[in-house]
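Worksheet: one structure, shown below.
The values are calculated or read from the model by the stated rules, or taken from the named source; none is laboratory data. Just so it is clear, the structure is predicted and the values come from calculations on it, not from any experiment. So basically every Cβ, Gly included, is an ideal-geometry build from the backbone, and we count neighbours across all protein chains shown. Heads up: the accessible areas ignore ligands, DNA and RNA and are worked out on the full protein's heavy atoms, side chains in. Shrake-Rupley method; radii C 1.70, N 1.55, O 1.52, S 1.80 Å.
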Amino acid sequence: MGSGFPNETCDGELSVANESIVGGSVARGRLAYSNIQMPMRKRCANWPRAWKEASARVQPDLVVILTGAWEVVDRIVGDTRYRANTPQYANYIAESLEIGLRAIAKSRAHVVFLTTPCLKPRDSAALILPGNFPGPRQEQSAPSRVRWFNQTLRNFVANHSENTSLIDLHRYACPGGEFPDAIEVLALHSDGVH
């Protein structure tokens with residue numbers, strides 16, 4: 001979704017700066033699927049610095065953040081495995097989101113979080129997309145994980161209501177809780193994530 005927004009100024013009133021990190025995650029550590037582990041990409045590991053630098057450069061009034069497609073996957077940090085649907089992992093994600101808010105705090109921007117839409121399941125034969133970009137596996141596209149992450153995000157926003165708000169993208173993008181191939185006339189990306 002992030003790469004779909006160009007940097008643009010409209011009538012001098014609205015400027016859009018796209019600082020997205022496609023495939024990024026606020027949850028640090030190795031991705032831990034049921035059968036494989038994957039390291040966090042280097043460009044994604046430095047997201048707090050990237051957010052801070054972008055915030056200083058752009059000086060936004062409003063920041064919109066969509067994360068969650070990778071946070072629904074278990075993480076291994078040191079010797080600890082954080083499992084989706086657990087309070088321990090929810091706390092870990094909240095700590096990561098706190099780091100994000102601190103990274104952009106100087107701008108005094110209001111932060112809008114988007115809930116994570118449902119993810120299109122991929123069969124196990126199609127685990128890796130071109131460029132070794134992993135597509136959603138069954139556990140990643142599990143509705144219970146997406147609901148859990150979205151509730152974690154709702155709780156975080158409720159605890160930071162003075163400078164954050166939430167838009168329920170999931171409700172719009174997943175009519176009936178299912179991944180659609182299109183919304184109205186807009187075809188969704190074939191990888192089931194973006």
Report task. Give just the number: which of (1) charged (D, E, K, R); (2) in contact with a Ser or Thr (Cβ under 7 Å, 6 or more places away or on another chain); (3) surrounded by 13 or more Cβ atoms within 10 Å (Cβ to Cβ) does LYS106 not satisfy? Result -> (3)
**Report entry** Breaking point among (1) in a strand (DSSP E or B); (2) open to solvent by less than 70 Å² (accessible area, probe 1.4 Å); (3) modelled with pLDDT of 90 or more, for VAL64
**Finding:** (2)
Requested in this report: Could you grab the pairs with beta carbons closer than 9 Å, sequence gap of 6+ or different chains, first residue in segment 38-51 and without any contact (Cβ under 8 Å) to a residue 24 or more places away in the chain and outside any helix (DSSP H, G or I), second one surrounded by 13 or more Cβ atoms within 10 Å (Cβ to Cβ) and of a type in the set (D, E, K, R)?
Outcome: PRO39/ARG30; MET40/ARG28; MET40/ARG30; MET40/ARG75
